[in-house]
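Engineer: Here it is, the structure, as structure tokens.
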Amino acid sequence: MKNLPPISHQSEAPNRGIMARMVPDIFEKPYSPTTSEPKVLEQWDESGYSNPDTCIKKGVCAPDAEAFSIVLPPPNVTGTLHTGHASMLAIEDTIIRFRRMQGKKTLWLPGTDHAGIATQSKVEKLLEKDGVRKQDLGRDEFLKRVEQFAQESHDTIVSQVKRMGASVDWTREAFTLDEARSLAVRTTFKKMHDDGLIYRGYKVINWDPKGQTVISDDEVNHEERQATLYTFRYSKDFPIPIATTRPETKVGDTGVAVNPNDPRYAEHIGKTFDVTFCGVPLSIKVVGDESADMEFGTGAVGITPAHSQTDAQMAERHGLPMVQVIDERAKMMVGGEELMGKKTTEAREAVVAWLQSEGLLEKEEPITHNVSVAERSGGVIEPLPKTQWFVAVNKTFDHNGKQTTLKEIMRESVAGGNIQILPERFDKTYFHWIDNLHDWCISRQLWYGHRIPVWYRGEETHVGITAPEGDGWEQDPDTLDTWFSSALWTFSTLGWPQQTDDLATYHPTSVLETGYDIIFFWVARMILMSGYLLDEVPFKTVYLHGLVRDEKGRKMSKSLGNIVDPLDLIDKHGTDALRMALIVGIGPGADNNLSENKIKAYSKFANKLWNITRFTLGATEGVDLTKKPTLHADDEARVVEIDALAKEITNDMELYRFYLAGEKLYHYAWHTFADIIIEGCKEHLTETADPERSASTRWMLAYLLTNTLKLLHPFMPFVTEAIWGHLPYKNADMLMVAPWPAPNK
RNA sequence: GGGCGUUUAGCUCAGUUGGUAGAGCAACUCUUUUACACAGAGAAGGUCACAGGUUCGAGUCCUGUAACGCCCACCA
């Protein structure tokens, strides 16, 4: 709170020295982002230049210019934007502004994501505070509440996106759950069903008892927990002891697997034993299966086909029956009163107590193992057999006359070089994920989302884009995984399934910029859908950014209380400063430990630019940039220098190295232009200086300022645009569409 | 169990193709000179995790080790 710079010397001697009389008053004060940025935003809004059609109409972009497009990864309508979003917007806007200035037909298409499960649970929690459950409201009323919440979130998000300076084209805004996107979803579902790629199946799935819905494999996290490994026999007569951490599930066992090469148990393979386990009659068949690890536990595994995906696979291999013993509320469905209706945790104790009383428990030992947890709700996953809808990723089908699988389409798009992933090392991650991919469960027991376009009437089933004719049809109550609609995003936003001009012009999109944490959820699924439906890649380059962490490198979270609101940072330091702090030095895939000091440094830089301008404007009054005088060799060298820099920056930008480009520009502007060139040129600008040399220097300064502003505009759009508005020798009405100072490659 | 990343100045981090290291912040000295004290000038600070190797030369390439972190995976 100490330093308000004295400016008294200005008013005392306004006409002294080389300071011109014509520098606008505004430059007498330090740069103020808070007063300047809203005005610039207004100018951008009015110009309409973020719409490529307007750019063509106003003649700042050639009608036949090459297209460049990005679709904004749609933020979830679950609340407000965080620093991760700010980082995404900063990077994408930098790319977009660069391409627009290069004269490309540039489209950045914005939108939001309904984010089914996330939004629904958020609203459920809000209602809970008022003691209201969604069942009390009913489906329609509940959905109205969700939509209202979504609308409010949407409006907040839109204003935040604008505040970041993101030059998206709002006239093309989309929502993953609006009418146009809904048509795209139903069209896709129908086509995939017709091709046999979507099927309804009874399988063991990941049931989230807390969220009361099925979730996909990708939505399951593994957490290390301490547990007890119990070693026991089903009965006194049973020849093989087995080990488990979940004794309560053993009432659903139908087999025991031993390794066929294990001499201890080989003689029992093929035999079936009837036992009564904790009051439940079981028929256990001993099978030989290579997957049984002779080294672990007793070397024998109890097979519970209904409550373990691996056991289900084993059961399928050996023709063992599946018996469900746990229900959707994670309560027991079998047994006497000590089990029936009890929670699994209580049932576990009951079973252990029974084993002890029967003398069947041979060993109890502590063990560290992985527990499956639902990433959204945090609930412990209960594998259950259920009838759900799936996308078959391994099924061979006819794709434009070629036999292939969805998995193959995903692999080929990247392996064949049609998509470049940055940083490259994520290729491996991507391929590894594909190799391990199982069928994608796409149905959810949620109310908020795209209702599955399937109708039932008795034994009849209708799969269609619209509801069937006639009475008595009931639509499937479930909704689709939110990623199903996100997967269509690059082309559903451009009008697909209609063959629109936008689709022809802007698809495939040029680059997808998103976080590495959703490479599977989203990036892979977009490649799948685009390859399947359009037979082309959804984007040519994938630029993956990392996480924004706090200055200590910790993930930002509510429980740590270290969440930083980007709007607060903008209020304090300006958008340009925040953008620079989010871009400079942060390569693709690298996490960013955001410190406020870094932002402060760049807010000073904005002020430095302000003062560079103040000096230059004072020195270059009357200069006509279009009339280049014969330059003194020193000045010519400076012109050559910045031209070379422009080329280098262009190259960096085209190779997605803007984290380097930003830093180079910072150094050039501050430590070359200001510290060396301006300091060194003062002697040539005095009244007694040689007029020819003075003219040379003045032209050179105007040239350097103009080009510095252009090169910096993609990074710091606000301050550069604000300055541009005061330049007497500008060659475009707005900097955002001014020609880029290096020729296209 | 696999795969990947990180380890560079007190702190947070850059360092694109190999040529004896850079920025911001912090700390030190000087300067309020007519663009800017949200500044300028100057000085200081690093055996680039460790051990080998390739090379005329390695923070940068190769091998191994350690610590930390992340992702994936059906060891019950």
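The values are calculated or read from the model by the stated rules, or taken from the named source; none is laboratory data. Every value quoted in this text rests on a predicted model; they were computed, and no experiment measured them. All Cβ positions, even for glycine, are placed from backbone atoms using ideal geometry, and neighbour counts span all protein chains on display.
Engineer: So, residue A:182, is that one within 16 Å of RNA strand B (Cβ to nearest atom), of a type in the set (Ser, Thr, Tyr), under 21 Å from residue A:76 (Cβ atoms) and touching a residue at least 24 places away in the same chain (Cβ under 8 Å) or not? Before you say what the answer is, go through the steps one by one.
Structural biologist: On the way: within 16 Å of RNA strand B (Cβ to nearest atom): no; of a type in the set (Ser, Thr, Tyr): yes; under 21 Å from residue A:76 (Cβ atoms): yes; touching a residue at least 24 places away in the same chain (Cβ under 8 Å): yes.
For residue A:182, the condition - within 16 Å of RNA strand B (Cβ to nearest atom), of a type in the set (Ser, Thr, Tyr), under 21 Å from residue A:76 (Cβ atoms) and touching a residue at least 24 places away in the same chain (Cβ under 8 Å) - is not met.
Engineer: Given the conditions (1) in contact (Cβ under 8 Å) with a residue 60 or more places away in the chain; (2) surrounded by fewer than 23 Cβ atoms within 10 Å (Cβ to Cβ); (3) closer than 19 Å to residue A:369 by Cβ; (4) not aromatic (Phe, Trp, Tyr), which single one is not true for residue A:249?
Structural biologist: (2)
Engineer: Looking only at segment A:138-163, filter to residues that are in contact (Cβ under 8 Å) with a residue 12 or more places away in the chain and of a type in the set (Gly, Ala, Ser); which one of those is surrounded by the most Cβ atoms within 10 Å (Cβ to Cβ)?
Structural biologist: Once the filter is applied, the top-ranked residue is A:150.
Engineer: Quick one: how many residues across segment A:255-293 are surrounded by fewer than 23 Cβ atoms within 10 Å (Cβ to Cβ) and away from RNA strand B (no atom under 14 Å from the Cβ)?
Structural biologist: Result for segment A:255-293: 18.
Engineer: Return the only residue of A:597, A:607, A:611 being within 30 Å of residue A:514 (Cα to Cα), within 6 Å of RNA strand B (Cβ to nearest atom) and in a helix (DSSP H, G or I). Lay out the reasoning, then the answer.
Structural biologist: On the way: A:607 fails: within 30 Å of residue A:514 (Cα to Cα); A:611 fails: within 30 Å of residue A:514 (Cα to Cα).
Only one candidate passes the filter, namely A:597.
Engineer: Considering A:663, A:641, which residue is surrounded by 15 or more Cβ atoms within 10 Å (Cβ to Cβ), more than 8 Å from RNA strand B (Cβ to nearest atom), part of a helix (DSSP H, G or I) and on the phi < 0 side of the Ramachandran plot? Let's see the steps before the verdict.
Structural biologist: On the way: A:663 fails: more than 8 Å from RNA strand B (Cβ to nearest atom).
Criteria check complete, one pass: A:641.
Engineer: For segment A:560-582, state whether one or more residues are of a type in the set (A, V, I, L, M, F, W, C), within 14 Å of RNA strand B (Cβ to nearest atom) and part of a loop (DSSP other than H, G, I, E, B). Walk me through it before giving the result.
Structural biologist: Restricting attention to segment A:560-582, the residues satisfying the condition of being of a type in the set (A, V, I, L, M, F, W, C) are A:560, A:563-564, A:567, A:569-570, A:577-578, A:580-582.
Next, only the ones that are within 14 Å of RNA strand B (Cβ to nearest atom) stay: A:560, A:564, A:577-578, A:580-582.
Adding the requirement that they be part of a loop (DSSP other than H, G, I, E, B) leaves A:560, A:564.
Within segment A:560-582, one or more residues are of a type in the set (A, V, I, L, M, F, W, C), within 14 Å of RNA strand B (Cβ to nearest atom) and part of a loop (DSSP other than H, G, I, E, B).
Engineer: Could I ask something else about it? Which is over 30 Å from residue A:385 (Cα atoms), in contact (Cβ under 8 Å) with a residue 24 or more places away in the chain and assigned to a helix (DSSP H, G or I), of A:106, A:119, A:94?
Structural biologist: Numbers: A:106 fails: assigned to a helix (DSSP H, G or I); A:119 fails: over 30 Å from residue A:385 (Cα atoms).
Residue meeting the stated conditions: A:94.
Engineer: Does any residue in segment A:560-586 that is at pLDDT below 90 come within less than 9 Å, Cβ to Cβ, of a residue that is assigned to a helix (DSSP H, G or I) and aromatic (Phe, Trp, Tyr) six or more places away or on a different chain, and which pairs are these?
Structural biologist: Matching pairs, first to second residue: A:584/A:602; A:584/A:658; A:584/A:659; A:584/A:666; A:585/A:659; A:586/A:659.
Engineer: Follow-up question, since we're still on this one. Scan segment A:427-443 and tell me whether some residue there is closer than 20 Å to residue A:181 by Cα and part of a strand (DSSP E or B).
Structural biologist: Going residue by residue through segment A:427-443, those that are closer than 20 Å to residue A:181 by Cα are A:442-443.
Those still in the list that are part of a strand (DSSP E or B) too: A:443.
Yes.
Engineer: Restricting attention to segment A:647-654, does a residue exist that is among the hydrophobic types (A, V, I, L, M, F, W, C) and surrounded by fewer than 22 Cβ atoms within 10 Å (Cβ to Cβ)? Reasoning before the result, please.
Structural biologist: Of all residues in segment A:647-654, those among the hydrophobic types (A, V, I, L, M, F, W, C) come to A:649, A:653.
Filter again for surrounded by fewer than 22 Cβ atoms within 10 Å (Cβ to Cβ), leaving none.
No, there is no match, as no residue in segment A:647-654 is among the hydrophobic types (A, V, I, L, M, F, W, C) and surrounded by fewer than 22 Cβ atoms within 10 Å (Cβ to Cβ).
Engineer: Which strands (runs of 3 or more DSSP E) sit wholly inside segment A:189-294 and have at least 1 residues that are basic (Lys, Arg)? Write out each step before concluding.
Structural biologist: Values: elements: A:198-208, A:213-215, A:220-232, A:242-244, A:255-258, A:272-277, A:280-288.
Passing ranges, in order: A:198-208, A:220-232, A:280-288.
Engineer: What number of residues within segment A:685-718 satisfy the criterion of being within 13 Å of RNA strand B (Cβ to nearest atom) and part of a helix (DSSP H, G or I)?
Structural biologist: Result for segment A:685-718: 4.
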